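The values are calculated or read from the model by the stated rules, or taken from the named source; none is laboratory data. Everything numeric in this text was worked out from a predicted model, so none of it was measured. So basically every Cβ, Gly included, is an ideal-geometry build from the backbone, and we count neighbours across all protein chains shown. In case anyone asks, the SASA skips ligands and DNA or RNA and just uses the protein heavy atoms, side chains included. Shrake-Rupley method; radii C 1.70, N 1.55, O 1.52, S 1.80 Å.
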Amino acid sequence: MNGTVVQWGIVATGGIAAKFAQACNFESNRSGKSIIAAVASRSLDKALDFAQKWSIPRAYGSYEELFADPLITAVYIATPHSSHPELSIQALKAGKAVLCEKPVAITLKDFLPVIQTARECKLFFMEAMWMKFNPCFQKMLSWIQEGRIGRVKYLRSDFFLDAPFNPAGRYYNPALGGGALLDVGIYPVTCAVMVGGRRKPQSIDSWMRFAQTGVDLYGKVRMVWDDALVADLASSIDLQGLDHMRSAVVIGETGSIMLPLFWMATEASLVGPDGSVIERFTHPFPCNGYEFEIREVERCIAQGLTESPVQTWADSIMVMELLDTITEQAKTSLNGN
């Protein structure tokens, strides 16, 4: 590395890449520990436009050119889901640390070679589950761990949005890993895994409604753990995303926690058994929320870590395994049509 500065290469130029670029430039101005050194797209014109907008010095018309850039120390992969494993492996083999957008793959089978490559190359790899670095999400977990609501008994977490139907777009195209579960349902599933103490549930029941393209439009999942913790989760890409359908509520024996817009929360409330707010934690984003995961990558690389303790390889493996189970169970369900 060049000192403690992470020189980023951004792979792709879509909306989420723009959010990352905005946060990375913010961090560059704040601490100087991250800079965007290059961007790549399969269209050089798109790469050049993106580079001009975000003041990036180098633009490439192929991902391979970016991976070959000797000045790049880490890459952020923001392509459609289906290409994540292949590009992650290419970047790791080129000697780059990797931050890959969620989900890291379509199936666990696709993802395991990525971890094997990271292990063999002894390089940092992390799934960009930005929610887990959100201070409000971490506050929720700390309240649970401190016993502020007693034994956790129930979680409800939903993520609905209404994406216009486009069979070629990433939401509805199965070749791009489309569907509600992989795109937005991964957030409630990840939330459940963390509230459950990074434990696999003992049982899973799932149901899906499918689009004409074959992707899931809506899904409902119930998870149950051996200590009787129950999680009710839902996700959709064709239902109006009202704020109360994009929240998380954790209920314990002596209280509850409310997290509005849980994956991007700027407020968390600790509620007593009588419904009164005991404590409210607020933490507005300095930029757009992506800065927190960028700071974690900076810290891990500076310390020579290959994985983050906040978003471990085991976390990504467990969530991918659960997503596989949910999908397969819903496809074989009589109600899954």
Where Rh is the Kirkwood radius over Cα pairs, Rg/Rh for region 202-252: 1.05
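So what is the relative contact order of region 138-222, in percent, for Cα pairs below 8 Å that sit 6 or more residues apart?
On the way: 84 pairs, mean separation 21.9, N = 85.
Worked out over region 138-222, it gives 26 percent.
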The chain: relative contact order as a whole-number percent, Cα under 8 Å and 6+ apart: 18
Unit charges at the beta carbon, dipole of region 24-126: most positive-side option, Leu44, Leu87, Gly32: Gly32
Carbon plus sulfur fraction of accessible area for region 63-165, probe 1.4 Å, in percent: 54
Region 21-58-region 262-326 distance, computed between alpha-carbon centres (Å): 24
Taking only Cα atoms of region 2-151, radius of gyration then Dmax in Å: 16.6, 56
Expected 222 nm ellipticity per residue - DSSP helices of 4 or more, -39500 (n - 2.57), all of the chain, to 500: -10000 deg cm²/dmol
Span per principal axis, largest first, for the Cα atoms of the chain (Å): 57, 45, 37
Kirkwood Rh and Cα Rg combined as Rg/Rh, region 134-173: 1.29
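Could you give the accessible area per residue of the chain, probe 1.4 Å, as a whole number in Å²?
Values: 13950 Å² over 337 residues.
Result: 41 Å² of accessible area for each residue.
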